[in-house]
Structures are given as C-alpha cells and as structure tokens.
Amino acid sequence: MISTQIPKNPIKRLDVFYTLGEGIVVSADIQSKSRKGLLHYTRIVLDPLTMKITKASCDCEASAFGKKCWHVKTLEELVKTDLKKEVEKVREEMLAVEEDIASWG
C-alpha cells in the first residue's frame, strides 16, 4: 500500500539566496509522499520588489505534466510563514547590491 501521508519533516535541504538576473531563489529537496527515500528538487523565484512568485519548478512527475505539485505549495507556504524573515534579509541584501551597482554609473 502506498502511503499518501506527508512525511513529518519532508524538507531535507533548504536554501535561500539571490541571483541578480532572476531574483530571490528559495530551493529545497523535499521528500516524496509516495516513495520513501526519494527527494524532489523544488525551486521558486520571487520578484524582489513585489515579493510575488515569478517562477516555480519541481522535478516530480506532477510538475513534469504541468500541474502544481504539493512540493511547490509546501515551499510557497514556508516562504509566507517560517522563512519570511530570511527571505526579507536576502531581499535587503539584493537591493543593496543592485543599488551599489547602479551607483557605478
């Protein structure tokens, strides 16, 4: 029987960083609900000005067929709750770097 329960701690690795070309990136390896030991690389990109999601991807089967998987939804919820301070810190760093680059002329 395949379990459809979400693992107690489905996130095995989590990174929050920025790239000047894309924005704020939140990526994670999230455990599969249906296959024990299988991790899915999940990534969302936030616009640093609006803090809205501009891109979302996952390497799971649902995402491969164009559906929004629970891995992406889990990451989105974390950004709104537990990661809010960390995302804001990265946002401030990114805006400071962009401001510095703009001052170069």
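The values are calculated or read from the model by the stated rules, or taken from the named source; none is laboratory data. No experiment lies behind these values; they were computed from the predicted model shown. Methodologically, a virtual Cβ is constructed for each residue, glycine included, from the backbone with ideal geometry; neighbour enumeration extends over all protein chains shown.
Brief remarks on what is shown
- The single condition among (1) within 20 Å of L83 (Cα to Cα); (2) touching a Leu at 6+ places or on another chain (Cβ under 9 Å) that V45 does not meet is (2).
- Selection count where residues are within 11 Å of the chain's Cα centre (by Cα) and either in contact (Cβ under 8 Å) with a residue 60 or more places away in the chain or surrounded by 14 or more Cβ atoms within 10 Å (Cβ to Cβ) (or both), scope region 51-72: 6
- Residues that are among the aliphatic types (A, V, I, L, M) and surrounded by 12 or more Cβ atoms within 10 Å (Cβ to Cβ), drawn from region 39-50: L39, I44, V45, L46
- Residue match in region 89-98 (condition: surrounded by 17 or more Cβ atoms within 10 Å (Cβ to Cβ) and of a type outside the set (D, E, K, R)): yes
- Selected residue (criterion: surrounded by the fewest Cβ atoms within 10 Å (Cβ to Cβ)) from residues of region 73-86 that are within 14 Å of A28 (Cα to Cα) and of a type outside the set (D, E): K73
- Every residue from region 86-105 that is part of a loop (DSSP other than H, G, I, E, B) and of a type in the set (A, V, I, L, M, F, W, C): W104
- In region 10-34, the residues that are closer than 19 Å to E92 by Cα form Cβ pairs under 7 Å with partners that are among the polar types (S, T, N, Q) and surrounded by 19 or more Cβ atoms within 10 Å (Cβ to Cβ), at six or more places apart or across chains, as follows: S27/T42.
- Residues of region 33-61 satisfying the condition of being modelled with pLDDT of 90 or more and either touching a His at 6+ places or on another chain (Cβ under 7 Å) or of a type in the set (G, A, S) (or both): H40, T42, A56, S57, C58, D59, C60
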